[in-house]
Structures are given as C-alpha cells and as structure tokens.
1. Taking springs between alpha-carbon atoms closer than 10 angstrom, which of Asn245, Asn117, Asn220 fluctuates most in the Gaussian network model of the chain?
2. Is there a quick way to get the dipole size of region 21-91? I mean about its Cα centre, with the Cβ of Lys and Arg at +1 and of Asp and Glu at -1; what is the value in debye to the nearest 20?
3. May I ask you to derive the relative contact order of the chain, considering only C-alpha pairs under 8 Å and at least 6 residues apart, and to give it as an integer percent?
4. In whole Å, how far is the Cα centre of region 254-271 from that of region 1-49?
5. What FRET efficiency comes out for the pair Thr2/Ala141, r = Cβ-Cβ distance, R0 = 22 Å, nearest 0.05?
6. With each pseudo-label sitting 7 Å past Cα toward Cβ, what's the Ile244-Lys265 distance in nm, one decimal?
7. Filter the GluC sites (Glu not before Pro) in region 28-105 to those in DSSP coil with at most 13 other Cβ atoms within 10 Å of their Cβ, and list the result.
8. Taking Cα atoms, how many degrees apart are the long axis of helix 194-203 and the longest axis of the chain, rounded to 10 and kept between 0 and 90?
Amino acid sequence: MTQKLLDESVAYLRSKGFVDPEIGIVLGTGLGQLVDEIENPVEAHYNHIPYFPLATVEFHSGKLLFGTIEGTQVVVMQGRFHLYEGYDFLDVTYPIRVMHQLGIKKLFISNAAGAINLNFKKGDMMLIEDHINLQGGSPLAFKNVTEFGDRFVDMSEPYDIEMRKKLEEIAKQKGITLQKGVYASVVGPQLETKAEYRMLKILGADAVGMSTVPEVIVANHLRLPIVAVSVLTDECDPDNLEPINVQEIIEVAGKTEPKMVKLFKELIKQI
Ligand code: HPA
C-alpha cells in the first residue's frame with residue numbers, strides 16, 4: 001500500500017470527471033438500482049482504474065460512477081470486492097481509500113445479509129449499529145499503516161450516531177420498517193451450518209454477511225462517518241433451515257432495494 005498507487009488511481013478518476021464528491025456509496029450484492037438515480041453520470045470500470053482489483057463475480061457489473069443525487073455530488077461503487085473472490089484485505093478496502101482521496105466526507109454502505117435475529121423477516125432492512133469481525137484478519141495489518149493514519153484505531157462507535165438517528169427518522173416518516181442490530185462478517189463463500197448460525201446468535205449477531213466490516217474498519221481509520229444498511233435476504237433459523245438459493249438472495253435484495261433507495265436518497269437530501 002503506497003500513496004503513489006492511490007495518487008495514480010485518483011488522477012485517472014479526476015481526468016474522467018470524478019471531481020469533488022461529497023458522499024461515497026457502496027452498493028452490495030443485488031443492490032444496483034440506486035445507480036439509476038444518478039444525474040449526469042460518468043463511469044469508470046474497475047478494470048480500467050489503475051491499481052483497482054479486477055472485478056470477478058459475474059452478477060456485479062463492477063464500476064465506479066460519479067454524478068449528482070438530490071443535488072449532492074456522489075461517487076458510487078456498483079459492486080464491491082469480497083475476500084471470498086480471492087482478494088486480500090488491502091484489495092477489498094482499496095476503493096474506500098481512493099474515494100477518501102477523491103474527497104468524500106461521508107460513506108454509505110449497503111449489503112445483503114442473512115437474518116440471525118428471527119424477529120427480523122426476509123425483505124426487512126437492518127441499520128447496522130455495531131459489528132463483529134469474524135473474517136480472521138484486518139485491513140490495517142500492514143507494515144506502513146501509520147503513513148495513512150493511526151495503527152490502533154478506535155472502534156468504540158464505528159457507525160455515525162447522527163446519520164443513524166436521521167435514517168431512523170426518515171424510515172419512520174416514510175413508514176418503512178428499519179430494524180437495528182449487530183452485523184457479523186464471515187469470509188464465505190459457503191453459507192453457514194446450523195451450528196454456525198447457533199453460534200452467531202450466541203455471539204450477539206443479528207445479521208451475517210460476507211462484506212462491509214473491512215470497509216468500515218478502513219473508513220474509521222480515515223475518520224469517515226459511516227452509515228450502513230443490510231438488506232435481509234434470508235432467515236437463518238437453525239431449527240428449520242432450508243437449503244440456500246443464491247438466486248433467491250439476489251431476488252429478495254432486488255425486491256427490497258426500492259425501500260433502501262428511498263432511505264438513502266432522503267438521507268442525502270438531509271445531510
Ligand atoms: N450468510 C452469509 N451471508 C449471507 C447470508 C447468510 O445467510 N445471506 C446473505 N448473505
């Protein structure tokens with residue numbers, strides 16, 4: 001990880017018109033519709049941006065977009081990088097560092113996740129209040145990390161309280177159910193066993209997924225305020241566990257997404 005690489009990525013994007021974004025947005029699996037709300041979009045495919053990891057998972061279109069939503073300049077990641085694709089922690093979080101250097105002041109994150117808390121239903125959204133890192137590593141465990149920020153990053157409040165409050169108010173006003181809870185991240189790509197779902201519940205997780213936590217750690221490293229929402233795509237009931245169907249996960253994410261778009265658009269308007 002060097003500043004020189006970041007400088008080259010940023011210079012390329014600025015030359016394509018990615019200038020002065022206020023908000024960075026990461027869209028998770030099956031969650032691409034917010035892209036249609038971007039006015040005057042310009043785009044850069046991940047495999048054209050110098051030093052970006054190459055996009056692999058076929059249901060991600062893999063590009064960075066820049067434009068305006070509700071009068072605010074945004075940069076949007078359509079599709080993210082996952083450890084389960086064979087990337088390492090530095091690859092997965094590289095785009096967060098690039099968006100930070102482009103100038104974002106806030107970060108919005110979405111993901112698809114399984115509901116561990118069985119009071120939550122498939123198709124609900126969950127505002128992430130805290131997380132548990134079960135990915136067995138850290139995106140800050142590299143030699144020259146102190147060139148980019150502190151080594152021992154505080155994680156006592158990783159998700160911005162003010163934006164969380166605002167998002168809850170918006171959900172209430174719009175009559176949209178927004179659960180709240182703890183997100184646990186695993187590596188994947190295999191789904192969990194019944195025993196693992198039981199363990200996750202005992203550990204205090206309300207939802208489980210394969211992303212987000214590395215990005216949130218790096219955003220905290222960079223002191224970027226974060227708001228993150230999980231779209232709950234399946235119910236992880238160890239006593240009635242059905243074989244999981246990835247196509248269905250993507251379908252549920254797609255059906256739920258219009259609600260997430262509403263929340264994110266209104267939050268952009270209000271901040
Ligand atoms: N486990 C892990 N990741 C997931 C799940 C799950 O049940 N659902 C969607 N992403």
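Read-outs throughout are calculated quantities, based only on the coordinates presented, and are distinct from any laboratory measurement. Since the model is a prediction, treat every value here as computed from it, not as a measurement. In this analysis, Cβ positions are derived from the backbone assuming ideal geometry, glycine residues included, and neighbour counts consider all displayed protein chains.
1. Highest fluctuation of the listed residues: Asn245.
2. Working: 2 positive and 10 negative charges, 27 e Å.
With Lys and Arg at +1 and Asp and Glu at -1, about 120 debye.
3. Relative contact order, the chain: 26 percent.
4. Going from one Cα centre to the other spans 19 Å.
5. For Thr2 and Ala141, the calculated efficiency is 0.85.
6. So the label points at Ile244 and Lys265 sit 3.1 nm apart.
7. Numbers: sites: Glu37, Glu39, Glu43, Glu58, Glu70, Glu85; in loops: Glu58, Glu70.
Of the GluC sites (Glu not before Pro), the ones in loops of region 28-105 whose Cβ has at most 13 other Cβ atoms within 10 Å are Glu58.
8. That works out to roughly 70 degrees.
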